[in-house]
Every structure is written in C-alpha cells, then in structure tokens.
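Peer 1: Questions regarding the structure given below will be posed in turn.
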Amino acid sequence: MQSISNIGIDAYEPAPRGESLRKLQNGGAERRGTLDKLRYAFACMMDFSTFLLLLVPILIGYLIRLFVPAKKKKIAGQLALVTGGANGLGRELCLQLAMKGCHIVVADLDTTNGEKTAEDLRKLGVKAKCFKADISDYDSVVELKRQVESSLGNVDILVNNAGVLPLMSIREGKPEDLKKVMEINLLSHFWTIRVFVEGMAFRRKGHIISIASASSYLPVGRLCSYVASKYGVRGLMEAFNDELYFDGLHEEVFTTTVYPTFMNTRKDLINTLNTINILKRVPIISAKTIARTTVNAMLRNEQHVFFPKWFGFMLTHYEHVPCEIRRLARRIFLKREIPKLMK
Ligand SMILES: NC(=O)c1ccc[n+]([C@@H]2O[C@H](COP(=O)([O-])OP(=O)(O)OC[C@H]3O[C@@H](n4cnc5c(N)ncnc54)[C@H](O)[C@@H]3O)[C@@H](O)[C@H]2O)c1
C-alpha cells in the first residue's frame, strides 16, 4: 500500500505491464490454456446465475416495502449528539429527537444559542447539554467525546449537521476560506465518525445521520466549494455504509444521508437567494419538515432521504444528463445564470 508520509522520498515503482501483468492475472501461469478459459467462463456463468437467484428475495423485499413501510425502531433513552445543534436545521433535529425521548448533546461553536436550544430541550423532559466544540478540528472532537461521556454517557446517535453555506467558487475568497469550507463541511464528518463509531461498534448499536445536500448531486457553478464538500459527504457515507457491512455491523450500526434542497434557516442565505433570483423559482422547505422527515426515516433505518421523495429520482439521474441540456433547463427554469458574488 502507498505510504502517505513518504511521498517523494520512497522510490517510485511502476506497475507491471504487458506479459508480466498478464502472468500476474493468470496466477503465475504464462498463458491460459483452452481448458482454463472454459473453466473461467463456466465460473463466471455460475457466479451470474447465483447473483440472479439471490437477487429475487431482495427485489421482493423492496416491493413489499413499497406498500408496507418498515417498522419504526425505539430510540427513547438513547443519547443523540447533533453538530451545529444551536441553530437552523440542527436545532430542529434536536427538538424532533427529544420528542422521541432522546437525550441530546448540542455541539456547536455558538454556545449562546446552543444553551437556549438545550434549555428548550430540557422542557421536553429529556437531558440536554450544550458543549462548545469546533467539529472541523479533530482534537476538539476528541475532547468533545471525553466531556460528553463523563457527563451524559455514550453517544448512540451521531448527527453530522453543522455546515457552512458560502456561495463561493474556486476563484473566489481566500485559499484559507476554501480550506475551511472543506474542513467544516466534509473533514468534520471524518473526525466525528472516527471518534464516535468505535463505541457504537463495541456496543453493536448506533446510527449516524449526515446532512448532505441536493448539491451532492447537482454540480452547479459558483458553488464549487460547497458542491465538492457535499459530493464528498455523499461519497463518504456510501463507502462507510459498505464498510459497516464488511465489518458485520450493518444490522446494528446504521447510516442515513439526507439531501435537502433550500431551507429557511439563515437570513443571509435567503437574502442571497433572493438577490440571485432563485427564491421565486426553487421551493423552500421548512427546517422543521426536513428534521421531522429525517428522524422518521432514521427510525426506519432508511439509508437516503430526499425532499420530496420523488425528487430523489430526478436528482440521482441529473448527473447523467448532457451538460448542454442541464444548462438549457437552468436558463429556462431559473431565468438567469448565477452571478459572481465574491471577490
Ligand atoms: N439551509 C439550506 O438551504 C441547506 C440546504 C441543503 C443542505 N443544508 C445543510 O444543512 C446543514 C444545516 O444547515 P443550516 O441551514 O441549518 O445551517 P445554519 O448556518 O443555520 O446552522 C449551522 C450551525 O452549525 C454551527 N457550526 C458551523 N461551523 C461549526 C463548527 N466548525 N463547529 C461546530 N459548529 C459549527 C453554526 O454555529 C450553526 O449553529 C448544513 O450541513 C448545510 O450544508 C442546508
């Protein structure tokens, strides 16, 4: 495996090519004989038949779930940690989880509003505490875990919600700003998952929710940094879900990735959307609706949440539409392109 710390120091070894590569692929033999080729073709056919056979019960399961939704799990008494829980969607997620009986950790840099959220949560009869943490910093997340475990216990539900929404492209802002967007919107998910999943795996119980965005599927110009960070979250959650399966944890530790469109959270975001004429054309969904739907999807261990559900089908296929058609659709439906917003 490539060493990360010795790039440029370790001698670069090119991969085998031509005959040497073929020999490697043939398990050391110079070339495959006719019998080997037949054996190989037969093995492939057997694999394909087994695949088709085992596909049937999975498809039947999907079909049944179309009409009979999965049973909701109980989360009362569990401890949920919500990053960015002081404001916006994070606050709504805290409230929805508390209404299901969860105790809540509000992890945020904004402790003024974080304390207010925690106070409102306690009024719902659950334990709640605000912790100051910069989730873009690994050490801060480690310290957060230490403090949470010594005062409220183990985290069962991790909600990666905190994020920044600058409409900043690749040639805008300072390089540090771009780095910060990546650190808050993407790297923070690595840090929190890395720090909290260990305990979940040990207890064989847990759920990780990540708030991505419709931008995880919509490569829109002027939003390069945000789009790249949210594509990253989508990739991380897909791969991590697969990893839980490899580790035999997929029936005990679950993931849910959420792809909201625009929400009425920050005033400055809504003002910017208004400036660029998007507000009239794009539906704004309330953060409360997104939070309620997210928690209900999590209770059914759903892996993906789109708003509205049917939009998910369009969103997940948008990337495959040729870019001239995407541009035409944007010109016709949004009426104008997004102007440069920053220097
Ligand atoms: N608002 C939208 O239209 C929209 C659309 C799609 C996806 N999203 C995503 O939803 C999530 C929530 O968005 P929102 O609109 O509620 O945001 P918001 O700005 O209203 O709230 C974000 C919260 O995160 C906190 N935060 C930011 N950086 C932090 C850090 N480094 N450490 C700890 N806390 C930090 C902030 O203090 C704030 O309380 C984000 O991930 C965002 O990308 C938002």
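Per-residue answers, yes or no, for (1) modelled with pLDDT of 95 or more; (2) on the phi > 0 side of the Ramachandran plot; (3) of a type in the set (Gly, Ala, Ser); (4) within 12 Å of the chain's Cα centre (by Cα):
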{"site": "Gly221", "(1), (2), (3), (4)": "no, no, yes, no"}
{"site": "Asp242", "(1), (2), (3), (4)": "yes, no, no, no"}
{"site": "Phe246", "(1), (2), (3), (4)": "yes, no, no, no"}
{"site": "Val253", "(1), (2), (3), (4)": "yes, no, no, no"}
{"site": "Thr256", "(1), (2), (3), (4)": "yes, no, no, yes"}
{"site": "Asn264", "(1), (2), (3), (4)": "no, no, no, no"}
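Peer 1: Among the numbered conditions (1) buried (at least 20 other Cβ atoms within 10 Å of the Cβ); (2) within 23 Å of Asp134 (Cβ to Cβ), tell me where His207 comes up short.
Peer 2: Tallying (1) buried (at least 20 other Cβ atoms within 10 Å of the Cβ); (2) within 23 Å of Asp134 (Cβ to Cβ), His207 fails exactly one: (2).
Peer 1: Where in region 239-339 are the helices (runs of 4 or more DSSP H), entirely inside, with at least 1 residues that are within 22 Å of Gly85 (Cα to Cα)?
Peer 2: Correct list: 267-275, 287-299.
Peer 1: Which ones in region 227-249 are within 16 Å of the ligand (Cβ to nearest atom) and surrounded by fewer than 22 Cβ atoms within 10 Å (Cβ to Cβ)?
Peer 2: Passing the criteria: Val227, Ala228, Tyr231, Gly232, Arg234, Gly235, Leu236.
Peer 1: Would you please name the residue that is farthest from Asn87 (Cα to Cα), looking only at residues in region 160-180 that are aliphatic (A, V, I, L, M) and more than 10 Å from the ligand (Cβ to nearest atom)?
Peer 2: It comes out as Ile170.
Peer 1: If you don't mind, another one. Here is a list: Asp156, Asp120, Asp139. Which entry is out of contact with any His (no Cβ under 6 Å at 6 or more places or on another chain) and buried (at least 16 other Cβ atoms within 10 Å of the Cβ)?
Peer 2: So the residue among Asp156, Asp120, Asp139 that is out of contact with any His (no Cβ under 6 Å at 6 or more places or on another chain) and buried (at least 16 other Cβ atoms within 10 Å of the Cβ) is Asp156.
Peer 1: Right, Met99: away from the ligand (no atom under 13 Å from the Cβ), within 20 Å of Leu299 (Cα to Cα) and out of contact with any strand residue (DSSP E or B) (no Cβ under 7 Å at 6 or more places or on another chain) or not?
Peer 2: In short, yes.
Peer 1: Also, quick follow-up: Evaluate region 68-79: report whether one residue or more is within 14 Å of the ligand (Cβ to nearest atom) and in contact (Cβ under 8 Å) with a residue 24 or more places away in the chain.
Peer 2: Within region 68-79 (the criterion being within 14 Å of the ligand (Cβ to nearest atom) and in contact (Cβ under 8 Å) with a residue 24 or more places away in the chain), the answer is no, since none of the residues qualifies.
The values are calculated or read from the model by the stated rules, or taken from the named source; none is laboratory data. This structure is a prediction, so every number in the text was calculated from the model and none was measured. Cβ sites come from the backbone with ideal geometry, for glycine too, and all protein chains shown count toward neighbours.
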